[in-house]
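What follows is a short report on a single structure.
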Amino acid sequence: PDEQLDTMHFDFPRTLGDIDLRVVPDDRMGRALELTLYPQPDVPWPLSRYVVLEATGNATAPGEPTAVGLWVRGNSCWGRVFWEFEDAAGERFYSIGASEGGWSVGDWECNTFINFDG
């Protein structure tokens, strides 16, 4: 479980989801991660479920990156993708807005939601 995701919004509760994660072949990217979220009848509505994927090591980004991207093959589930990065100097970057308190700001266009198929 992730304490910040569990507690950051009193009006949007979340809990850890039960998933299967596997590497699968992908015709565009070569390989991909496939996540299957299993039903959890013991999780009451309106709790959302989340999954945390954490890299096993450090990654080097050459040059001076100004953006980060992620390919998602959507299924119109309205799930949401958050990410957090820490640079070599220890500064953290969050895709959900404010780093303190975890307020989800600046996504009124729903760019972080899986609201598409394909």
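The values are calculated or read from the model by the stated rules, or taken from the named source; none is laboratory data. Fair warning: this is a prediction, and the values are worked out from it, not measured in the lab. Cβ placement follows ideal geometry from the backbone for every residue including glycine, while neighbour counts extend to all protein chains displayed. Note: areas computed on protein heavy atoms with side chains; ligands, DNA, RNA excluded. Shrake-Rupley method; radii C 1.70, N 1.55, O 1.52, S 1.80 Å.
For the range 17-32, a residue qualifies if it is under 14 Å from GLY79 (Cβ atoms) and open to solvent by 70 Å² or more (accessible area, probe 1.4 Å), but none of them does. For the range 89-110, the tally of residues that are modelled with pLDDT under 85, of a type in the set (A, V, I, L, M, F, W, C) and out of contact with any strand residue (DSSP E or B) (no Cβ under 6 Å at 6 or more places or on another chain) stands at 3.
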